[in-house]
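Participant: To start, I am sharing the structure in question, which I have written as structure tokens.
Every number in this text was worked out from the coordinates using simple rules, so none of it is lab data. What you see is a predicted model, and the numbers here were worked out from it, not measured in a lab. Every residue, glycine as well, gets a Cβ built from its backbone with ideal geometry; the counts of neighbours run over all protein chains shown.
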Amino acid sequence: MTALALALFAMIAIVALRYLAVSGFFAWLSTRVRPGLYAGQRAQIRREIGWSLLAAAIYGAPAGLAMYAWTELGWTRIYTDAGAYPLLWIPLSIFVYLFIHDSYFYWTHRAMHRPWLFRRMHAVHHDSRPPTAWAAMSFHPWESLSGALLIPALVFLIPIHVAALGVVLSVMTFFGVTNHMGWEIFPRRWVEGRFGAAMISASHHHRHHTDYRCNYGLYFRFWDRLCDTDRGLSGDLHVESRNLRRAGGTAADRRG
Ligand SMILES: [Zn+2]
Ligand SMILES: [Zn+2]
């Protein structure tokens, strides 16, 4: 097998196994923390897993190309010597990657909510009503392709330490799964505090899945707030619903 074929095969397998392991873990955790939450959603979960595995192949291919370009050709800006750039760049590069990813996601996501693109690219993702932990990569192939290219392209342009890249990919995986699992994993104090004011978690993204044309962001609420598409936190997440309603302060946030 050539090195290129090996890199492609390895990355597709890694993305698929990562999906099965992480979504599987959080789906299992959901049955412990919120028994019965996914009751009656068997057929939907089967669809979510099918689309996600197809998406894993589409995400894995450009990742494999980037891996080949890094290890075999030395063409990327991925570095392993922590002293190659100022140390501060390691945390900063994580933020830069996440911010660019978030901006790209916000605008492509908003575009995909235009009726023509919605039907062709994004309806599959919204078929999950409500989504489960298995919906993290439940995308139509066109949507997968649009999402799969950004990070592999960025590694050719913006220097990043391999460990920082690992953090970016872990953050991406964690939020992708937990934002869809139907309950809030972060403490209520955080969600209603400064963390939740800046960051997106399940309470925020769940509202996108119920109300559609709002809360488009991926990690940060920055673009939603700037462009007036932020409608605040979901009132009907299974965990927080009662608590949120009780805490009067968040009612205003929900109305957004
Ligand atoms: Zn979603
Ligand atoms: Zn959407």
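Participant: Once the piece of chain linking residue 31 and residue 95 is laid out straight, how much longer is it, given 0.36 nm per residue of separation minus the C-alpha distance between them?
Facilitator: Stretched fully, the residue 31-residue 95 segment lengthens by 19.8 nm.
Participant: Sticking with this structure for a sec: Please identify which residues in the range 213-227 have an amide N closer than 18 Å to a label point set 7 Å out from the Cα of residue 119, following the Cα→Cβ vector.
Facilitator: Hits in the range 213-227 for residue 119 at 18 Å: none.
Participant: Let me ask something else. Using helices alone, I'd like the mean residue ellipticity at 222 nm for the chain: each DSSP H run of four-plus residues gives -39500 (n - 2.57), total over residue count, nearest 500.
Facilitator: -18500 deg cm²/dmol
Participant: Here is a further query. On the Cα set of the range 1-152, report Rg and Dmax in Å, please.
Facilitator: Spelled out, the Cα radius of gyration and Dmax of the range 1-152 are 17.8, 53 Å.
Participant: Among 74, 185, 14, flag the residue with its Cα farthest along the positive direction of the charge dipole of the chain, charges on Cβ as +1 for Lys/Arg and -1 for Asp/Glu.
Facilitator: Result: 185.
Participant: Once you have the Kirkwood Rh of the range 118-186 from its Cα pairs, apply Stokes-Einstein at 37 °C and 0.692 mPa s and quote D in µm²/s.
Facilitator: Rounded to a whole number, D works out at 242 µm²/s.
Participant: A follow-up question, please. Would you kindly calculate the mean projected area, averaged across all directions, of the convex hull enclosing the Cα atoms of the range 1-46, in square nanometres?
Facilitator: Mean projected area for the range 1-46: 3.9 nm², to one decimal.
Participant: Also, quick follow-up: Peptides 9-18, 50-59: what's the order by average Cβ count within 10 Å, highest mean first?
Facilitator: Order by mean packing, descending: 50-59, 9-18.
Participant: Can you work out D for the chain in µm² s⁻¹ from Stokes-Einstein, where Rh is the Kirkwood radius over C-alpha pairs, the temperature is 37 °C and the viscosity is 0.692 mPa s?
Facilitator: 172
Participant: Packing-wise, with mean Cβ within 10 Å as the measure, how do 175-188, 60-73 rank, highest first?
Facilitator: Packing proxy ranking, top to bottom: 175-188, 60-73.
Participant: Is there a quick way to get the dipole size of the chain? I mean about its Cα centre, with the Cβ of Lys and Arg at +1 and of Asp and Glu at -1; what is the value in debye to the nearest 20?
Facilitator: About 900 debye.
Participant: Can you order the peptides 78-84, 124-130 by their average number of other Cβ atoms within 10 Å per residue, highest first?
Facilitator: Put in order of decreasing packing, that is 124-130, 78-84.
Participant: Right, next: How are the Cα pair distances of the range 96-218 distributed, in percent, across 10 Å bins from 0?
Facilitator: 12, 43, 34, 10
Participant: How would the range 183-223 be classified by its alpha-carbon gyration tensor: rounded, prolate or oblate, with rounded meaning a/c under 1.5 and the a/b versus b/c comparison settling the rest?
Facilitator: Oblate shape, in that a/c is at least 1.5 and b/c is the bigger or equal ratio.
Participant: Label 7 Å along Cα→Cβ of residue 73; the range 144-166 residues with amide nitrogen under 19 Å?
Facilitator: 148-160, by backbone N distance to the label point.
Participant: Treating the beta-carbon of each Lys and Arg as +1 and of each Asp and Glu as -1, no other charges, what is the dipole magnitude of the range 97-200 about its Cα centre, to the nearest 20 debye?
Facilitator: 220
Participant: Let me ask another. Consider a paramagnetic label point 7 Å from the Cα of residue 169 along Cα→Cβ; state which residues of the range 128-158 have an amide N under 11 Å from it.
Facilitator: 152
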